[in-house]
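Let me begin by presenting the structure, written as structure tokens, before commenting on it.
The values are calculated or read from the model by the stated rules, or taken from the named source; none is laboratory data. Because the structure is predicted, anything quoted here is derived from the model rather than measured. Don't worry about glycine lacking a Cβ; one is built from the backbone with ideal geometry, like all the others, and counts go over all protein chains shown.
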Amino acid sequence: MVTASIAEGSLAPDFSLADKDGKSHSLSDYRGSKVILYFYPAASTPGCTTQACDFRDNMGNLQAAGYVVLGVSRDKLPALQKFAQNENLSFPLLSDEDLSVHHTYGAYGEKSMYGKTVMGVIRSTFVIDENGVLVHALYNVKATGHVDMLRKRLEVGKN
């Protein structure tokens, strides 16, 4: 099954997911704020740790520019708790175990891994404006250097 991507300029689909502590977060809760919603394959893996720590290290400038960061993976809550604690991550990590939100955003489907086509999480980032409109839909992003690229695209200063 190939998941379709969503188009920039469209209203970002709402969702409700639990964070590492079981607290529910809905995209609509963040209306009035700009949101960086990113999907990553698995907590505590090298690439995902690099990406999460890059967000953590740039959080001051992202927040100063009005952005909220939400990370989404298929991990269970205990794995998210451990990841957040081990890496000192202060932004919400959300659990989408059934992949429903991944599918809605086109962040799960066919991808190439070591020369083979497999089904899996497509590392993706979505930037959503204060009105809930999708400004950027970035698929197949690289873990390393992604936050710097995003920061430049959004014209957000560096810490």
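Would you confirm, using the coordinates I've provided, whether Arg74 is of a type outside the set (A, V, I, L, M), without any contact (Cβ under 8 Å) to a residue 60 or more places away in the chain and buried (at least 17 other Cβ atoms within 10 Å of the Cβ)? Quick ask: steps written out before the conclusion?
On the way: of a type outside the set (A, V, I, L, M): yes; without any contact (Cβ under 8 Å) to a residue 60 or more places away in the chain: yes; buried (at least 17 other Cβ atoms within 10 Å of the Cβ): yes.
It is true that Arg74 is of a type outside the set (A, V, I, L, M), without any contact (Cβ under 8 Å) to a residue 60 or more places away in the chain and buried (at least 17 other Cβ atoms within 10 Å of the Cβ).
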Only one of (1) out of contact with any Ser or Thr (no Cβ under 6 Å at 6 or more places or on another chain); (2) among the hydrophobic types (A, V, I, L, M, F, W, C); (3) over 18 Å from Val127 (Cβ atoms); (4) crowded, with 18+ Cβ neighbours inside 10 Å fails for Cys53. Which number is that?
-> (4)
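Could you tell me which residue of the stretch 78-98 is farthest from Val133 (Cα to Cα), considering only residues that are more than 13 Å from the chain's Cα centre (by Cα) and surrounded by 14 or more Cβ atoms within 10 Å (Cβ to Cβ)? Walk me through it before giving the result.
In the first step, residues of the stretch 78-98 are kept if they are more than 13 Å from the chain's Cα centre (by Cα); the result is 78-90, 97-98.
Of the ones still in play, those that are also surrounded by 14 or more Cβ atoms within 10 Å (Cβ to Cβ) are 79-84, 87, 89.
Values: Ala79: 31, Leu80: 28, Gln81: 30, Lys82: 32, Phe83: 30, Ala84: 28, Glu87: 31, Leu89: 26 Å.
Per the criteria, the residue is Lys82.
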May I ask you to say which residue of Ser24, Ser10, Ser16 is within 22 Å of Leu138 (Cβ to Cβ) and among the hydroxyl-bearing types (Ser, Thr, Tyr)?
-> Ser10
Which members of the stretch 1-41 meet the condition of being in a strand (DSSP E or B) and either surrounded by 13 or more Cβ atoms within 10 Å (Cβ to Cβ) or not small (Gly, Ala, Ser) (or both)?
-> Leu11, Leu17, Ala18, Asp19, His25, Lys34, Val35, Ile36, Leu37, Tyr38, Phe39
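Against the definition (out of contact with any helix residue (DSSP H, G or I) (no Cβ under 6 Å at 6 or more places or on another chain) and either surrounded by 15 or more Cβ atoms within 10 Å (Cβ to Cβ) or over 26 Å from Ser24 (Cβ atoms) (or both)), how does Gly60 come out, yes or no?
Working: out of contact with any helix residue (DSSP H, G or I) (no Cβ under 6 Å at 6 or more places or on another chain): yes; either surrounded by 15 or more Cβ atoms within 10 Å (Cβ to Cβ) or over 26 Å from Ser24 (Cβ atoms) (or both): yes.
Here the answer is yes, as Gly60 does meet what is asked.
For the stretch 60-83, which residues satisfy the criterion of being of a type in the set (A, V, I, L, M, F, W, C) and farther than 24 Å from Asp14 by Cβ?
Step one: filter the stretch 60-83 for residues of a type in the set (A, V, I, L, M, F, W, C), giving 62, 64-65, 68-70, 72, 77, 79-80, 83.
Within the stretch 60-83, Ala64, Ala79, Phe83 meet the criteria.
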Filter result (surrounded by fewer than 20 Cβ atoms within 10 Å (Cβ to Cβ), touching a strand residue (DSSP E or B) at 6+ places or on another chain (Cβ under 6 Å) and polar (S, T, N, Q)) within the stretch 99-129 = Thr117
Where residues in the stretch 131-152 are surrounded by 13 or more Cβ atoms within 10 Å (Cβ to Cβ) and in a helix (DSSP H, G or I), which of them is modelled with the lowest pLDDT?
-> His146
